[in-house]
Amino acid sequence: MPRAKSEITGGPVIGLRVTKEEYEVYKKLGGGRWLHAYLRDIVERRKEDAKANSATARGMVAVYPARPEPVPKSTKTNRPFG
């Protein structure tokens with residue numbers, strides 16, 4: 001019996017050409033795991049900004065760090081094939 005598609009595998013796919021140096025930075029940051037977390041963070045920030053745009057908070061500016069932080073890799077103690 002086939003599995004149901006998850007939220008991630010059923011969505012659109014993004015392809016991108018990057019230089020070797022850009023790819024190295026992407027991998028050092030955590031690759032796809034980092035990108036998912038970073039995009040999720042942006043969505044959360046936009047939700048927070050929308051809530052903050054009430055009549056009492058008009059004119060305030062949200063400031064965020066310019067550099068994304070790498071996502072730590074999960075460690076498994078038993079990895080027989082990798």
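The values are calculated or read from the model by the stated rules, or taken from the named source; none is laboratory data. Because the structure is predicted, anything quoted here is derived from the model rather than measured. As a convention, Cβ positions derive from the backbone with ideal geometry for all residues, glycine included, and neighbour counts pool all protein chains shown.
Return the pair list, or none, for Cβ contacts closer than 9 Å from residues in the stretch 9-30 that are under 17 Å from K73 (Cα atoms) to residues that are charged (D, E, K, R) and not in a helix (DSSP H, G or I), at least 6 apart or on different chains.
L29/E69; G30/K73
Take the stretch 18-69 and flag every residue that is in a loop (DSSP other than H, G, I, E, B) and either modelled with pLDDT of 85 or more or polar (S, T, N, Q) (or both).
The answer is V18, T19, G30, N53, S54.
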